[in-house]
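A.B. asks: Structure provided below as structure tokens; questions to follow.
The values are calculated or read from the model by the stated rules, or taken from the named source; none is laboratory data. These numbers come from a predicted model, not from an experiment. Quick reminder, even Gly has a Cβ in these numbers, built from the backbone with ideal geometry, and neighbours come from all protein chains shown.
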Amino acid sequence: MAIQRRESFLIFYVIAFVSVAIAAGAVWYYWSSKQNHLVQDAKNRAGDLDAGPTVVVATSTKGPTVRKIALVGEAAPYKSTTLYSKVGGYLTRIAVDTGDRVSSGQLIAEVETPELESEYRSAVATLENKQRIVQRTQDLAQKGFYSKQALDNAQTEVSVELGRVHELRIRLGYRTLRAPFSGVVTARYVDTGALVTNAANNQTSSQPVVTISDTSRLRVSAYVEQVDAPFVRPGMEVEIVDAANPERRNKGRVSRTGGGLDSRTRTLLAEVDFDNTKGEFLAGSYVNVTLLIPATSYIEVPAPALVVRDKKNYVGVIGQDNHLKLTPIEIAGTDGRAIRILSGLNEGVRVALNLANTVPDGAKVNPAAAPGALPPAQPAAAPTAKTSSAANPQQPK
């Protein structure tokens, strides 16, 4: 019995010793791993401090020598006219409808004018009577019964009546309306039997008959901003894109310009004529007009490269040794995406983007390419371009 107790205690002590040893080993392993991590972190931090803060970089480039400007205009028919009747009467026939294509001289409508026709017949009868009077007067004047003055008066009355008959004959020709040019009927306003009036007397109160437009050639009217107006010239090639369907495109040229700026909008009217024989563009639709104009080529950097300190403009140039150099620049302009630099920077120079204010001039940095961008170009020395006095402020400290 005593021997069994001693064996039980011995087994207990062995198990306890093994458990303590395992626990001690686990504690030692955890402590050792923690120490290794701390040492590695310290090394990483030391490496980061040696390399400097990480900055995203881009390369300065030479800007284009042409600039694209986009305008919005309306495509109108090259020719369009609304036909009115020049005589009063009733419409006895209208030979076309909306959407019909017509050729030059084609019959459009006919107007019945009973009063005008009656007036013409009366004038013809009066003319014939006066011509007979002239003949009798001439015969009697030869016999001495009428003076030469009486004969002249009779001949004058014939001439007046002849002119009246000629005028009425011309007016009767207005009973027929014909197309002045080939095109398409874009609107029809009246039906057969409608009463139409003489538009020559009062067009505002007269009823139009049809509108005919030549859509085989369209004219786009666009307005150019004052800054771009001096570069727009007749003959410049442009691209026309349907605003409703960007896949529908055509080429054209600037046909004419307004020659001066509108006094209210300070814009220049530019008209572009282009072929629309296939009818791809609808008259009256909005189109986007793109043209290339000459532009001064500047050094360009992304907009985030601009650094403003003490109300002065700089870019952070990264040299061959990855040290930062805040370089003063003179800005020519910007489109919000890129900054055009007038002086202070050369082409092919690495510049820092979104540089923090805490990074001092001369600091060592760790360059990194922008996400999705090509690898940065080879490091370039800081520029030595001469800048104006306004672009050479004292270097910040």
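A.B. asks: Can you pull out every residue in the range 142-156 that is within 14 Å of ASN129 (Cα to Cα) and crowded, with 17+ Cβ neighbours inside 10 Å?
C.D. replies: ALA154
A.B. asks: Could you look through the range 110-139, keep only residues that are surrounded by 13 or more Cβ atoms within 10 Å (Cβ to Cβ) and of a type in the set (A, V, I, L, M, F, W, C), and pick out the one that is modelled with the highest pLDDT?
C.D. replies: Per the criteria, the residue is VAL111.
A.B. asks: Can you name every one of the strands (runs of 3 or more DSSP E) wholly within the range 135-252 that holds 3 or more residues which are more than 29 Å from SER104 (Cβ to Cβ) and either in the same structural domain as GLU280 (by TED's automatic domain parsing) or touching a helix residue (DSSP H, G or I) at 6+ places or on another chain (Cβ under 9 Å) (or both)?
C.D. replies: Strands (runs of 3 or more DSSP E) meeting the threshold: 210-225, 237-242.
A.B. asks: Now for a separate question. Counting only residues that are among the charged types (D, E, K, R) and assigned to a strand (DSSP E or B), which one in the range 322-356 is surrounded by the fewest Cβ atoms within 10 Å (Cβ to Cβ)? Walk me through it before giving the result.
C.D. replies: Of all residues in the range 322-356, those among the charged types (D, E, K, R) come to 325, 330, 335, 337, 340, 347, 350.
Next cut, assigned to a strand (DSSP E or B) only: 325, 330, 340, 350.
Numbers: LYS325: 19, GLU330: 15, ARG340: 17, ARG350: 21.
This residue is GLU330.
A.B. asks: Given the structure, is TYR223 touching a strand residue (DSSP E or B) at 6+ places or on another chain (Cβ under 8 Å), over 17 Å from ALA75 (Cβ atoms) and modelled with pLDDT of 90 or more? Spell out how you get there, then give the answer.
C.D. replies: On the way: touching a strand residue (DSSP E or B) at 6+ places or on another chain (Cβ under 8 Å): yes; over 17 Å from ALA75 (Cβ atoms): no; modelled with pLDDT of 90 or more: yes.
Spelling it out, it is not the case that TYR223 is touching a strand residue (DSSP E or B) at 6+ places or on another chain (Cβ under 8 Å), over 17 Å from ALA75 (Cβ atoms) and modelled with pLDDT of 90 or more.
A.B. asks: Also, quick follow-up: Only one of PRO371, PRO393, PRO383 is over 40 Å from the mean Cα position of the chain (by Cα) and at pLDDT below 90; which?
C.D. replies: Every option except PRO393 fails the conditions.
A.B. asks: Here's another thing I want to ask about it. Those residues that are among the hydroxyl-bearing types (Ser, Thr, Tyr), closer than 15 Å to GLY252 by Cβ and in a strand (DSSP E or B), I need them from the range 267-300; list them, please.
C.D. replies: THR290, the sole residue that qualifies.
A.B. asks: Return only the number of the condition from (1) surrounded by fewer than 14 Cβ atoms within 10 Å (Cβ to Cβ); (2) in contact with a Gly (Cβ under 8 Å, 6 or more places away or on another chain) that THR204 does not satisfy.
C.D. replies: (2)
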